[in-house]
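Trainee: Supplied in structure tokens, the structure appears directly below.
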Amino acid sequence: MAQDGAGLRGKPLVFLERQSYRRRRVIDAARVLPFIGLLLWLLPLLWREEGAAAVRSSSAIVFLFGTWFALVGAAAVLSWKLAAQAREPGGAGPGGMGE
Amino acid sequence: MTMLNTLVAVCSLYALFLFAIAFAADRAAMRGQARWLRSPLVYTLSLSIYCSAWTFYGAVGSAVRTGFEYLAIYLGPSLVLMGWWWILRKLVRIGRTQRLTSVADLISSRYGKSNLLAVGVTILAVVGTTPYIALQLQSVTLSFEVFGVGDIVSGQESGHTALWVAAGLALFTVIFGTRNLDANERHNGVVMAIAVEAVVKLAALLTVGIFVVWGLLGGVSGALERIDASELGQWRINGGRWTGMIVLSGAAFLCLPRIFQVLVVENDNETHLRTASWAFPLYLGLMSLFVVPIAVTGLELLPAGSNPDLFVLTVPLSQGRDGLAVLSFLGGFSSATSMVIVAAIALSTMVSNHVVMPLFLRFAKRGAKVSGDVRHVVLLARRLSIVGVVMLGYLYYRLSGGGAALSSIGEVSFAGVAQVLPAMLGGIFWRGGSRVGALAGLTLGFGCWGYTLFLPSFGAGVFVPDSWMVAGPFGIAWLRPQALFGIEGMDPLLHTVVWSLTLNAGGFVLASLASFPRPLERLQGAQFVNVFDHSTGPPRWSGKVAQTEDLMIMAQRILGARDAQALFEHEARRQATGGTLPAPTPDFLERLERELAGSVGAATAHAMVGQIVGGMSVSVEDLMAVADETAQLMEYSARLEAQSQELARTAAKLREANSKLTRLSVQKDAFLSQISHELRTPMTSIRAFSEILRDADGLTPQEHGKYASIIHDEAIRLTRLLDDLLDLSVLENGQVNLNLRPGLLSDVLDRAVAAAAADEHGARVRIWRDPRAEEVMLNTDLDRLSQVFINLVANTRKYCDAARPRLDIRVRPGATVVIDFIDNGAGLSAEAQDVIFEKFSRVSDQKAGGAGLGLAICRQIMTRLGGEVSYLSGQGGTAFRVVVPARYAVAAQ
């Protein structure tokens, strides 16, 4: 209702909508992240284990820890964005807990 | 032995250091300087109790035995934390709003504050955690032995190290874990101590790792080459176990009592979770980063047969790096102690709240109303529980012989506590989950786990006979503990996880679907599932004023006199009652119950308040009020919709009324113009001829007579018109007096036909009648009825366009007499049928004999007589039907 009111006055609605739209997408990203992680970490199930073509442990280490720290980085960025949004006026409340 | 003495000294110093830190943190918190104690960093570090000695020592051992599988138990929790928005966020919010004290409290509170469930989960947690505590004792003991005996091969215990360690841990936990009663309050000292321990174990493992990679393996590239060249050189995992362990560790992370303690109970700011969502996976990544290099180095440097679980210690020792080894030892010691401390606190809270307190309340003579502080009872219960839990762990350690590999003991424990998962997730996401369902699921899962994994883990023949393992109990092959339903060849752990969680979840869902929850369950279910929609729920106690004093006495015993009085005074001020005791409003009782729940758990608090106040009334209104926001919105929008429909209906009515008014106005205008026209025509001729008579000279007497008779005729016409108008107006206003008298219909018709024939305009009409049917006695206004008949017959005369006009008058006698007037003319068009009864409507202009008021008057008369006159279509000519009651009923007026 309040947003409709803002809409009557012109620009603010566009701004607010865009802001809350971004917030929702950041939350979506936070939701998707664990599934990306799971997908990446289930990939080793497909690796060849026998013979000369078997995946070497060094590659496995690089892959697993590489994805691990990349996911940590992504989670950190999302956490920072959520925190920034929570601080904004009209943000999602303490800790971006609201939906 | 000097090494051992040094180690004991270091250990004691370290323990003292932890005591000092815990003490300082508690002091700082009491002085209100605890801001830094409550930073997200400390929160994240406290989560690291997930990494117990199992992960500190056992990861390397696991890597040697099964390759990269050890990683899976870090990946699961990492995923859970990265996906905090799904589950953890909700768990933490629920924990804070419901003031939960443990996992058992969560389950019990969700399913209608059922103490039975709380006891069940408590037992499950104790049984599931005991092996884990044993594991910590074992690892500390083993690491002591490494230094003491110098025999790094056997790792056999030679003294009472484990007992001493257990006693020391119990002491620390008792001192810092039970300083205050409110389990929901932060144990600042303990949290700070385990945060420091988290740093110590990470630093220790990283230091050893860095020493191994850069000191022994020649840098990163060298290390990777050496790894490829070693026994672990090729990627090999058991796919089922890899997936199973990721799932199991994630599940266990949610359900482990100690994790729940630091994750939910000790949490005092939801935003900390946001930081932990990336910081804790990072911590886990760092903890596991150097495991493989250490394992490879151990395999290369140490003699075959060395215990790989101790490589973290023995590798530095073998290189003469005693300092590094001591640091590593401290890391392992930290891992073990922090885990045991938090686990003991969590379990003791459960045991005292869900087992001891209910028993005490039942057997104490006067129940909750006894005066005097019961806090000492609760505290004593907690302290005894802590000692009991730690000693149980010790007992398991002695019983199981300390022989099994570290990681497999941990797995047993994980699979046990994971049984809480279906009830937990079902509880916070599905309102349909019921107490019966949770009980069924937990029982099935717990039973399956105990039978297939826990009891066999003591070793063949201890609890489960050898013959059962091979051939099944009583020779029933499909009940073999490690091949249920005849599915053989599965890894025992995977076998248990799959079967127990399947049976558990299946039982939970089916029993939930089949059962009907009690009102309190439904209330709590709605509050848990929709925790983000309404953070305060509406449970309704209904108390009497006289009970406030009892409540006060009880609250003092649990919260302490000062806190309880403060709470009551605050409430009294809020209610503005004037005294110190507030009225026991539902709101206040709810708050009081939550406060008590923080100390003794939801189920006990509920029972205590219930003892004093009496039954809790959960009314239909409460249930309706809990209807989630969506339902409220739906209700609101339904109301709006109803209103708008009503508005639409009103608008339609207004439009209708408006158009009717417009029509009436048009009709009135038409009537006025009609009437002026009708009056004007005769007036014009009267005026013209009278002017001729007055002004013209020399008129013949013939002309005179002619003009005068025209004037006379027009005057008669005018009079008739005015008579008709007057007649109609009188009829319409209902002012007419009826002259009721009995008479024969045939007489009335005779008169009408005769009168119509007297008016010799129009052609002669042959009239057919049925004299026998006309012998009907009527009691009505015969003159008025005859007026109607005259009008109808005259109309036929005037308008019937047949060559030989004929009028058929048919009569159907009865209580209401029906008289039809049917001629053989052309009939009326459909449009004409609609309007002929209106005033001034004439079928055709060419024979404008009347003013067009006749039929309108007929209709008015018939309405007055309680009958009607209508046009009868489909008779081959113009036909009118007159319906008249044989006896005029006064009611018809």
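Trainee: Six or more apart or on different chains, Cβ atoms under 9 Å: show the pairs whose first residue is in region B:631-657 and modelled with pLDDT under 85 and whose second is open to solvent by 90 Å² or more (accessible area, probe 1.4 Å) and assigned to a helix (DSSP H, G or I).
Mentor: B:A631/B:M624
Trainee: Failed condition for B:K113, given (1) in a helix (DSSP H, G or I); (2) more than 14 Å from every other protein chain (Cβ to nearest Cβ); (3) closer than 25 Å to B:V420 by Cα; (4) open to solvent by 20 Å² or more (accessible area, probe 1.4 Å), with all others met?
Mentor: The number of the failed condition is (1).
Trainee: Go through region A:22-73 residue by residue and tally those that are facing chain B (nearest Cβ under 7 Å) and among the small types (G, A, S).
Mentor: Residues in region A:22-73 being facing chain B (nearest Cβ under 7 Å) and among the small types (G, A, S): 6 in total.
Trainee: Need pairs with beta-carbon distance below 8 Å; first residue closer than 29 Å to B:H704 by Cβ and open to solvent by 60 Å² or more (accessible area, probe 1.4 Å) and within region B:665-687, second charged (D, E, K, R) and in a helix (DSSP H, G or I); sequence gap 6+ or separate chains.
Mentor: B:M683/B:E714
Trainee: To continue, here is another question. For region B:254-279, how many residues meet the condition of being of a type in the set (D, E) and at the interface with chain A (Cβ under 7 Å from one of its Cβ atoms)?
Mentor: Residues that pass the stated criteria total 1.
Trainee: Quick check on this structure: which one of B:E691, B:E732, B:E714, B:E703 is in contact with a Pro (Cβ under 9 Å, 6 or more places away or on another chain) and acidic (D, E)?
Mentor: Being in contact with a Pro (Cβ under 9 Å, 6 or more places away or on another chain) and acidic (D, E) holds for just one of B:E691, B:E732, B:E714, B:E703, which is B:E714.
Trainee: Does region B:33-54 contain any residue that is in the same structural domain as B:T173 (by TED's automatic domain parsing), closer than 30 Å to B:T443 by Cβ and of a type in the set (S, T, N, Q)?
Mentor: yes
Trainee: A follow-up question, please. Just checking, does region B:65-81 include any residue being surrounded by fewer than 21 Cβ atoms within 10 Å (Cβ to Cβ), of a type in the set (D, E, K, R) and either outside any helix (DSSP H, G or I) or within 35 Å of the chain's Cα centre (by Cα) (or both)?
Mentor: no
Trainee: While we're on this one: Would it be correct to say that B:T719 is at pLDDT 85 or above and assigned by TED's automatic domain parsing to the domain that holds B:T684?
Mentor: Yes; evaluated as a whole, the condition is true for this residue.
Trainee: While we're on this one: Can you tell which of B:F485, B:F516 is in a helix (DSSP H, G or I) and open to solvent by 20 Å² or more (accessible area, probe 1.4 Å)?
Mentor: B:F485
Trainee: Considering region B:280-326 alone, what residues qualify as being outside any helix (DSSP H, G or I) and within 14 Å of chain A (Cβ to nearest Cβ)?
Mentor: B:F290
Trainee: Here are some residues: B:A803, B:A754, B:A773. Which one is free of Cβ contacts under 8 Å to residues at least 40 places away in the same chain and outside any helix (DSSP H, G or I)?
Mentor: Answer to the check: B:A803.
Trainee: Identify, please: which residue in region B:879-893 is at pLDDT 85 or above and open to solvent by less than 40 Å² (accessible area, probe 1.4 Å) and is, among those, farthest from B:L792 (Cα to Cα)?
Mentor: In this case the residue turns out to be B:P885.
Trainee: Given the criteria touching a Pro at 6+ places or on another chain (Cβ under 8 Å) and hydroxyl-bearing (S, T, Y), does B:S249 qualify?
Mentor: Criteria met by B:S249.
Trainee: While we're looking at this one, here's another question. Exactly one of these conditions fails for B:W85: (1) buried (at least 19 other Cβ atoms within 10 Å of the Cβ); (2) among the aromatic types (F, W, Y); (3) in a helix (DSSP H, G or I). Give me its number.
Mentor: Checking B:W85 against (1) buried (at least 19 other Cβ atoms within 10 Å of the Cβ); (2) among the aromatic types (F, W, Y); (3) in a helix (DSSP H, G or I), the one that fails is (3).
Trainee: Also: Give me a count of the residues in region B:227-243 that are more than 7 Å from every other protein chain (Cβ to nearest Cβ) and under 15 Å from B:P492 (Cα atoms).
Mentor: Residues that pass the stated criteria total 3.
Trainee: Now, a different point. Looking at B:A204, B:A251, B:A195, which one is within 14 Å of chain A (Cβ to nearest Cβ) and open to solvent by less than 10 Å² (accessible area, probe 1.4 Å)?
Mentor: Going through B:A204, B:A251, B:A195 in turn, the sole match is B:A251.
The values are calculated or read from the model by the stated rules, or taken from the named source; none is laboratory data. Every value quoted in this text rests on a predicted model; they were computed, and no experiment measured them. Using ideal geometry, Cβ is built from the backbone for each residue, glycine included, and neighbour counts are taken over all protein chains shown. Just the protein is used for accessible areas: all its heavy atoms, side chains included, with ligands, DNA and RNA removed. Shrake-Rupley method; radii C 1.70, N 1.55, O 1.52, S 1.80 Å.
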